[in-house]
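For reference, the structure discussed in these notes is given below.
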Amino acid sequence: MVSIRTAVIIIAVLAVIALPVQAQGTTTNLLPADHWVFQALLVLSGAGLMDEVPPEVKELDRYELAMLVGEVITPLEGKLREKGLSPDRLDLVSVSEAVQELALERSGFVAKEVASGLVSDLESRTREALLALSDLRTEFHSELSVLKIHGALLDKVEREIRETNDVPAPILVRESGSLAISRVTTQGNSPALTSSEVVTGSTNSEEWEEETEFHQKYNLVFDTKVADGITAQAEISGDFSSLFQANPGYAPELPQYGSTPVELERLDLYIDRGAWSARISNRLRATLDRYTLYDQELVGAEAQVVVGNLGTTFIVGQDAAESLVTAVNGQYQLHPNIQVGGTVVSLETQDRLRQTNYGVNSYLRLLPGLEIGGQYYLSSEFEGGTALDITAWSYLAGINLQAEFTQVDENYYAALAPGSSDTYIPGSRSYKLSAGTRVGRVDLAAQYGIDEYETPGVTEVTKEVSREFSASLPVIPEKLRISASYRLVDVDDLYSPDYSTSIVNLGSELQLTDEITIKAGYELMQSSDSNSYRSVNADVGMNLNQKTRLYADILVGKEDGYQKSTLREAGLQLGYNFDEYTELIANYRLIDFDSSLDQEDYQSNMASAELRLQF
């Protein structure tokens, strides 16, 4: 009987004979015992995307390893085709869902996260599996081609897989041991350089001190293919509130905001030419990183170009103040494990005042399971303030570790990334260490952080120390999971008494049947200044039939201390799929907030309907 290994070698030899002359240089040498490929295979195996990695895996040659990778590519591509997804309708969300469904069928690592409802863990571990598969596909590109194992659909989302973090991961491409690189990453809005089809409409009312105001609004999005690789999208909205108000000028002393029946909200043109893509828009949401250009709305264009091992992003446009914004970011692959980059972002006002921020970044994979990334920024304003961000990751011995250090000068300023907790805080220094592991069936995580904030002209600093612990346990595998977390924050403040805050969260998820999922949670926050907040919440989701789904949620919260308040909130969503191209979603939400400060009492309700169409 011919062994699998012998059969694979025979097939590979026959295939090589049939290849053009330039492809016959491929060899079938063994990889070093400490090669990163084996760790990546363990990631896929642990995620439930392939069978258990055999003990003799390090004795397999490149073609045999490529066959193992094919055990993931083939069923994953099959899943995507089962969903009726063509390359032009494929996105990272649908690929992630296919990965999770495949893992569920095989009861793997990702499957447990799906059953537990730990969304943050699910997202990170799904991404880890996709990155491992991407690395392996590029590593064994030649061997997979010889073996006729193709991933045409996965090729369409390769760039999206790589561009979800501020510090981009390297694209590892080796051909027969050489250091050839066929693609690098870029920073920017590349996942947003695609269009979607949706038609929505909504109506809502808000009651404030016994006065009720109604808004009848609609929103339409039209999407059309102009030519191969070129798509245009237009968004039109309108407000018919004035038509339904008996006396729209009931308060003539107040400014009146007119309602427009038809208004062009957004006009986009998407271009995808393979090596380069672009978006031209009157409402371009532009982001490069959180220290130079972050979530700015521009009238302009963004383009991304990949040439060899250089990826570049260009952005130009005007902001709301009609200032000129120009930005360039480049990422260069020096080595399969090393990537470096740079950023220049400039803002020029109508008064010809200019402010520029410069940045450099690098990413290194030091060895399998140990990576480090760093970013350094310089501002042309306020005597050249700087910002530094260094992060290290380790995936060794079943423990995930991450250490991060950031330091931002009090003089650092970026007009297009205004300082806040979402971007940066001038005069701050931060140290964070987090760890996660699995002991038996229990997932454990811990984080310790120190944040220091400087005040100009003062030698002392405000110091905040946080500790967080969490655990998650599947009480009944794939049926019931409970989770708990505890967070303690101590603040040593310069201008007010020191205080501490503790937060406890308890959660559970019950998969009652294949069609019904129930979630419940409890939160308690207690501060040393006698302020407290507690809340309970519950969610129910069910598929009523193959076309109809229902989702309901409720939350009740109460605050005691300096301010006494009660919050009651409930929502209901009903969705109906007419067919694979048409979906109707109806929403209703009610909010009731009572406070000891009378002027903050209010009730609000909102009803909306959304019709999704694809042509």
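The values are calculated or read from the model by the stated rules, or taken from the named source; none is laboratory data. Computed from a prediction, not measured in an experiment: that's the story for all the values here. In this analysis, Cβ positions are derived from the backbone assuming ideal geometry, glycine residues included, and neighbour counts consider all displayed protein chains. Remember, those area values only see protein heavy atoms, side chains included, never the ligands or the DNA or RNA. Shrake-Rupley method; radii C 1.70, N 1.55, O 1.52, S 1.80 Å.
Taken over segment 53-67, the residue count meeting the criterion of being assigned to a helix (DSSP H, G or I), open to solvent by less than 30 Å² (accessible area, probe 1.4 Å) and of a type outside the set (Gly, Ala, Ser) is 5. Might you let me know whether segment 91-102 holds any residue that is over 11 Å from Leu153 (Cβ atoms), crowded, with 17+ Cβ neighbours inside 10 Å, modelled with pLDDT of 80 or more and under 25 Å from the mean Cα position of the chain (by Cα)? Yes, segment 91-102 has at least one match. Name the residues in segment 368-397 that are open to solvent by 40 Å² or more (accessible area, probe 1.4 Å) and more than 24 Å from Gln447 (Cα to Cα), would you? Once the filter is applied, which keeps residues that are open to solvent by 40 Å² or more (accessible area, probe 1.4 Å) and more than 24 Å from Gln447 (Cα to Cα), segment 368-397 yields Tyr376, Leu378, Ser380, Glu381, Phe382, Glu383.
Each residue in segment 505-523 was checked for being among the hydrophobic types (A, V, I, L, M, F, W, C) and open to solvent by less than 50 Å² (accessible area, probe 1.4 Å), and 2 of them qualify.
Of all positions in segment 437-447, at least one carries a residue that is open to solvent by less than 60 Å² (accessible area, probe 1.4 Å), without any contact (Cβ under 8 Å) to a residue 60 or more places away in the chain and farther than 30 Å from Asp514 by Cα. Just one of (1) modelled with pLDDT under 90; (2) open to solvent by 70 Å² or more (accessible area, probe 1.4 Å); (3) closer than 30 Å to Tyr424 by Cα fails for Ile280. It is (1). The residues of segment 554-565 that are open to solvent by 40 Å² or more (accessible area, probe 1.4 Å) and either assigned to a strand (DSSP E or B) or closer than 19 Å to Tyr602 by Cα (or both), listed by number, are Ile554, Leu555, Val556, Lys558, Glu559, Lys564.
Could you list, ordered by first residue, the pairs with Cβ atoms under 8 Å in which the first is in segment 313-329 and among the charged types (D, E, K, R) and the second is part of a strand (DSSP E or B), at least 6 apart or interchain? What qualifies is Asp319/Gln296; Asp319/Glu297; Asp319/Leu298; Asp319/Val325; Asp319/Leu347. Residues of segment 480-487 include at least one that is modelled with pLDDT of 85 or more, over 25 Å from the mean Cα position of the chain (by Cα), over 21 Å from Ala435 (Cβ atoms) and part of a strand (DSSP E or B). Pairing residues of segment 135-163 that are under 17 Å from Ser94 (Cβ atoms) and surrounded by fewer than 19 Cβ atoms within 10 Å (Cβ to Cβ) with residues that are modelled with pLDDT of 75 or more and not polar (S, T, N, Q), at Cβ distances under 8 Å and at least 6 apart in sequence or on separate chains, gives Ala152/Glu77. Taking the conditions (1) open to solvent by less than 80 Å² (accessible area, probe 1.4 Å); (2) not in a strand (DSSP E or B) in turn, Pro497 satisfies each one other than (1).
Residues in segment 462-493 that are open to solvent by 40 Å² or more (accessible area, probe 1.4 Å) and of a type in the set (Ser, Thr, Tyr) were compared, and the one that is nearest to Val442 (Cα to Cα) is Ser470. For Thr27, the criteria (1) farther than 19 Å from Leu153 by Cα; (2) of a type outside the set (A, V, I, L, M, F, W, C); (3) open to solvent by 10 Å² or more (accessible area, probe 1.4 Å); (4) at pLDDT 75 or above hold in every case but one, which is (4).
Sort through Gln333, Gln256 and tell me the only one that's part of a strand (DSSP E or B), out of contact with any Lys or Arg (no Cβ under 7 Å at 6 or more places or on another chain) and either surrounded by fewer than 17 Cβ atoms within 10 Å (Cβ to Cβ) or modelled with pLDDT of 85 or more (or both). Show your work before the answer.
On the way: Gln256 fails: part of a strand (DSSP E or B).
The unique qualifying residue is Gln333.
Scanning segment 283-330 for residues that are in a strand (DSSP E or B), modelled with pLDDT under 90, among the aliphatic types (A, V, I, L, M) and open to solvent by 10 Å² or more (accessible area, probe 1.4 Å) turns up Val305, Val306, Val307, Leu310.
In segment 31-74, which residues are β-branched (Val, Ile, Thr) and within 31 Å of the chain's Cα centre (by Cα)? Residues satisfying the conditions are Val37, Val43, Val53, Val69, Val72, Ile73, Thr74. Filtered by the rule that a residue be assigned to a strand (DSSP E or B) and open to solvent by 10 Å² or more (accessible area, probe 1.4 Å), segment 264-277 gives Leu264, Glu265, Arg266, Leu267, Leu269, Tyr270, Ile271, Asp272, Trp276.
Residue check: is Gly238 at pLDDT 60 or above, touching a Lys or Arg at 6+ places or on another chain (Cβ under 8 Å) and closer than 30 Å to Phe593 by Cα? Yes; evaluated as a whole, the condition is true for this residue. For Tyr551, the criteria (1) under 27 Å from the mean Cα position of the chain (by Cα); (2) under 29 Å from Tyr218 (Cβ atoms); (3) open to solvent by less than 40 Å² (accessible area, probe 1.4 Å) hold in every case but one, which is (3). Please work out which residue is modelled with the highest pLDDT, limiting yourself to segment 524-543 and to residues that are open to solvent by 40 Å² or more (accessible area, probe 1.4 Å) and of a type in the set (Ser, Thr, Tyr). Among them, the one singled out is Tyr533.
Being among the polar types (S, T, N, Q), part of a strand (DSSP E or B) and more than 30 Å from Thr517 (Cα to Cα) is a condition met by at least one residue of segment 465-478.
Check whether at least one residue in segment 440-459 is among the hydrophobic types (A, V, I, L, M, F, W, C), at pLDDT 90 or above and within 30 Å of Ser380 (Cα to Cα), and report yes or no. Within segment 440-459, one or more residues are among the hydrophobic types (A, V, I, L, M, F, W, C), at pLDDT 90 or above and within 30 Å of Ser380 (Cα to Cα).
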